[in-house]
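First comes the structure, then the notes that go with it.
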Amino acid sequence: MVDEPQGPEAVQRATDACLRLLRARGRSRHELNLALERKGYPESVRDAVLARLSDWGYLDDAKFARDRAAALLGKGKLGPRAVLQRLQAHGLEGTEARRALSEAKEAVGFDALAAARQVLERRRLAGRPLDAKERARAGRLLLSRGFAPDVVTQLVGEPSLDPSGQDE
């Protein structure tokens, strides 16, 4: 809890706290606001700090979203749907998150089929014939990682994994 919740000293302490958080990794405006709120800073102090960080160029939700999406896609562990959910969990609104995802996909040259194949290869579920149980497991894995049903169907070859019921 903050001893002196208002005034220039409180703004400086809150700014220092945010800079420590930003040193560890990029953060969204929403995340920093929540962190300051948990520490007991009033809204007026939080607003002043967030404005100060924006003016200094340390707080840019659009850049944060693009960078975060590119990092998550680039690792080849998550599909677009999971990345979008993560961005929204960081407090980014739907339109901004979708725009960042689209820009990140283009920047990293994202290929959903290749990324999904990588996930299966890591689990040793690629490059060999799979029985029905393994196909179902592979499909669930890919769907849970945010890959689209058509990508799962194409890769795993199990039309029943497509929840929309459409076969390719």
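Key figures for this structure:
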| item | result |
| --- | --- |
| Added length on full extension, which subtracts the Cα-Cα distance from 0.36 nm per residue, Lys133 to Lys63 | 21.0 nm |
| Chain lengthening between Glu103 and Leu19 when straightened (0.36 nm per residue, less Cα-Cα) | 27.6 nm |
| Potential extension, Asp47-Glu9 segment - 0.36 nm per residue separation minus Cα distance | 12.2 nm |
| Surface share of carbon and sulfur [accessible, 1.4 angstrom probe, percent] for the chain | 46 percent |
| 10 °C / 1.306 mPa s Stokes-Einstein diffusion coefficient of the range 1-90, Kirkwood radius on C-alpha pairs, µm²/s | 114 µm²/s |
| Accessible-area value, Lys77, 1.4 Å probe, nucleic acids and ligands omitted, Å² | 100 Å² |
| Set of the range 47-90 residues, backbone N closer than 19 Å to the point 7 Å along the Cα-Cβ line of Arg38 | 47, 49-50, 86-90 |
| Check: the chain dipole with +1 on Lys, Arg Cβ and -1 on Asp, Glu Cβ, in debye | 800 debye |
| Equivalent ellipsoid semi-axes - Cα gyration tensor, the chain, angstrom | 43, 14, 13 |
| Förster radius 22 Å - calculated FRET efficiency between Ala89 and Ser144 (Cβ-Cβ, nearest 0.05) | 0.90 |
| Long-range HN-HN contacts of Gly79 with modeled amide H, under 5 Å | Gly146, Phe147 |
| Residue-averaged 222 nm ellipticity for the chain, from DSSP H runs of 4+ at -39500 (n - 2.57), nearest 500 | -21000 deg cm²/dmol |
| Å² of accessible area per residue within the chain, as computed with a 1.4 Å probe and no ligands counted | 58 Å² |
| Kirkwood hydrodynamic radius (C-alpha pairs) into Stokes-Einstein, the range 92-162, 25 °C and 0.890 mPa s, D in µm²/s | 188 µm²/s |
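The values are calculated or read from the model by the stated rules, or taken from the named source; none is laboratory data. Worth saying up front: this structure is predicted, and the values here are computed from it rather than measured. When we count neighbours, we look across all protein chains shown, and the Cβ atoms used for this are built from the backbone with ideal geometry, even at glycine. These area figures cover heavy atoms from the full protein model, side chains too; ligands, DNA and RNA do not enter into them. Shrake-Rupley method; radii C 1.70, N 1.55, O 1.52, S 1.80 Å.
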